[in-house]
Amino acid sequence: MPDIILYAIPFFLGTVILEAVVSSWLKVKDVKGFEKKDTFASLGMGIGNVLVNLMVKGGVFASFTFLHQFRLFDIGTVWWAWVLLLFGEDLCYYAFHRASHEVRFLWAAHVNHHSSEHYNLSTALRQSWTTPLTSFWFWLPLPLLGFEPWMIVTQQSISLLYQYWIHTEWIKKLPFGLEGVLNSPSHHRVHHGSNAAYLDRNHGGILIIWDRLFGTFAPEREKVVYGLTKNIHTFNLVKIAFHEWAALLKDMARPNPLWVRLQYALRPPGWSPDGSTLTSDQLRATQQAQA
């Protein structure tokens, strides 16, 4: 079935151009704005992601369809099924997104989305070329529960569409208490921060309730420093897409026992057997001890 994200591409490009023009005109102090090479790198990553998704979407849909035969419930397509699916799909997304920050081989696929030192609508399009190959199994419980496969992939697209607009510095806070329930630009700026207090926080898609429930929420307090704890300083698409895979393979090739090599892939980014490098939890603890 066609992916509704494809139909949104003209909207993405139009709003990126609009935000870039407004940013260049107004030059607001707290808005970092656009950098041409960075923006084109993000667009290039987005195009690559679309092409990879086109190749794997059929297989993912087939796996959903196969599992749906063994469903526990006949949920159907009634209106309340969409309400349940909103929460169910978002919880699957939270699990995927959190794991992508806490398991290094998943981080190797996801890291490119965080590699920009800017934060604007083009950053939302800086998507992975390998995540479509490593992530689909987080959503496999949904067809087993009884959700229709076409509904699942539609809700996944709705979630991605929602997350596009929160990649901006122009919107500060949502009104009417919505910050307590919905993922917002403020919450997602924290997620893209390399500040120790912000690392591995605010993983929700549409909703922020899972982060609040499972202890991964952080409010936006100090000024966000965008990018990675160790930035890659390149606009080369191949390096953006694969630099962490290369680093992971290099670590796994070290002369260590097999179980140590596997831990490089399965433990959090920054883990090392001798503690010479730090995970995000260790960085956060170090910062707190120094405060």
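The values are calculated or read from the model by the stated rules, or taken from the named source; none is laboratory data. All values derive from a computational prediction rather than experimental measurement. Because the Cβ atoms are built from the backbone with ideal geometry, glycine has one as well, and the counts that use them run over all protein chains shown. SASA here: full protein model, heavy atoms, side chains in, ligands and nucleic acids out. Shrake-Rupley method; radii C 1.70, N 1.55, O 1.52, S 1.80 Å.
Answer yes if at least one residue in the stretch 89-100 is free of Cβ contacts under 8 Å to residues at least 60 places away in the same chain and out of contact with any helix residue (DSSP H, G or I) (no Cβ under 6 Å at 6 or more places or on another chain), and no otherwise. Within the stretch 89-100, none of the residues are free of Cβ contacts under 8 Å to residues at least 60 places away in the same chain and out of contact with any helix residue (DSSP H, G or I) (no Cβ under 6 Å at 6 or more places or on another chain). Does L91 satisfy the criteria of being crowded, with 16+ Cβ neighbours inside 10 Å, hydrophobic (A, V, I, L, M, F, W, C), on the phi < 0 side of the Ramachandran plot and in a helix (DSSP H, G or I)? So L91 passes the test.
Filtered by the rule that a residue be open to solvent by 40 Å² or more (accessible area, probe 1.4 Å), modelled with pLDDT of 95 or more and not hydrophobic (A, V, I, L, M, F, W, C), the stretch 258-291 gives R261, R267, P268. A count restricted to the stretch 1-45 and to residues that are closer than 23 Å to L237 by Cα, of a type in the set (V, I, T) and under 22 Å from the mean Cα position of the chain (by Cα) stands at 5. May I ask you to list the residues in the stretch 200-214 that are closer than 12 Å to H187 by Cα and either over 13 Å from the mean Cα position of the chain (by Cα) or basic (K, R) (or both)? Answer for the stretch 200-214, where residues must be closer than 12 Å to H187 by Cα and either over 13 Å from the mean Cα position of the chain (by Cα) or basic (K, R) (or both): R201, L207, I208, I209, D211, R212. Picking from residues in the stretch 211-257 that are without any contact (Cβ under 8 Å) to a residue 12 or more places away in the chain and at positive phi, the one that is least open to solvent (accessible area, probe 1.4 Å) is G215. Taking the criterion of being buried (at least 22 other Cβ atoms within 10 Å of the Cβ) and in contact with a His (Cβ under 8 Å, 6 or more places away or on another chain), the residues of the stretch 94-106 that qualify are Y94, H97, S100.
This table checks each residue for (1) touching a Gly at 6+ places or on another chain (Cβ under 8 Å); (2) closer than 15 Å to A109 by Cβ.
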{"site": "I206", "(1), (2)": "no, no"}
{"site": "G215", "(1), (2)": "no, no"}
{"site": "V225", "(1), (2)": "yes, no"}
{"site": "N231", "(1), (2)": "no, no"}
{"site": "T234", "(1), (2)": "no, no"}
{"site": "F242", "(1), (2)": "no, yes"}
{"site": "D251", "(1), (2)": "no, no"}
{"site": "P257", "(1), (2)": "no, no"}
{"site": "P268", "(1), (2)": "no, yes"}
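Among the numbered criteria (1) under 25 Å from L182 (Cβ atoms); (2) at pLDDT below 90; (3) under 24 Å from the mean Cα position of the chain (by Cα), which one does Y93 miss? Result: Y93 fails condition (2) only. Scanning the stretch 52-67 finds no residues that are open to solvent by 30 Å² or more (accessible area, probe 1.4 Å) and within 23 Å of I209 (Cα to Cα). Residues in the stretch 170-188 that are touching a residue at least 24 places away in the same chain (Cβ under 8 Å), under 23 Å from T15 (Cα atoms) and either open to solvent by less than 10 Å² (accessible area, probe 1.4 Å) or in contact with a strand residue (DSSP E or B) (Cβ under 7 Å, 6 or more places away or on another chain) (or both): L182, N183, S184, S186, H187, H188. Counting residues in the stretch 150-161 that are more than 20 Å from L54 (Cα to Cα) and open to solvent by 30 Å² or more (accessible area, probe 1.4 Å) gives zero. Considering only residues in the stretch 14-37 that are under 10 Å from L121 (Cβ atoms) and of a type in the set (A, V, I, L, M, F, W, C), the one that is least open to solvent (accessible area, probe 1.4 Å) turns out to be V16.
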